[in-house]
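The values are calculated or read from the model by the stated rules, or taken from the named source; none is laboratory data. Owing to the predicted nature of the structure, the values given are computational and were not obtained by experimental measurement. Cβ atoms come from the backbone with ideal geometry, glycine included; neighbour counts cover every protein chain shown.
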Amino acid sequence: MMTRDLAFVKTWSVPQFKQNQGIEMIEVKRNESTGKLFFVYGFETGACSKKVESGEVTMPVISKVVSATTGEEFYMLHQQGEGGGATTIITL
């Protein structure tokens, strides 16, 4: 996912995001068809940055982002400071 096209609206720590969403757990999963990672919170999903995919995340945060190209809003799990079938990768 290219971050150059994204506007970061708001960022939360993982505990803050979980509290705001009223959830206890976040799972990072891999789509076995595409190989891409995503996270699951409650009944919703969010995107993961390339640093999550490469295992470089040491200070995870979740941001609400907007694509400048499409206007789509979504949540993204990423490193703090970083502008189908599924396998669980991380449970937070």
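Here are the numbers for the structure shown:
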quantity: Residue satisfying all of: in segment 31-41; part of a loop (DSSP other than H, G, I, E, B) and in contact with a strand residue (DSSP E or B) (Cβ under 9 Å, 6 or more places away or on another chain); farthest from Glu53 (Cα to Cα) among these; calculated: Glu32
quantity: Residue that is farthest from Lys18 (Cα to Cα) [pool: residues in segment 42-77 that are touching a Gly at 6+ places or on another chain (Cβ under 9 Å) and assigned to a strand (DSSP E or B)]; calculated: Phe74
quantity: Filter pass, Thr87 being at pLDDT below 90 and part of a strand (DSSP E or B); calculated: yes
quantity: Of all residues making up segment 1-30, the number that are assigned to a strand (DSSP E or B) and surrounded by 14 or more Cβ atoms within 10 Å (Cβ to Cβ); calculated: 9
quantity: Residue check, Thr45 at pLDDT below 95 and β-branched (Val, Ile, Thr); calculated: no
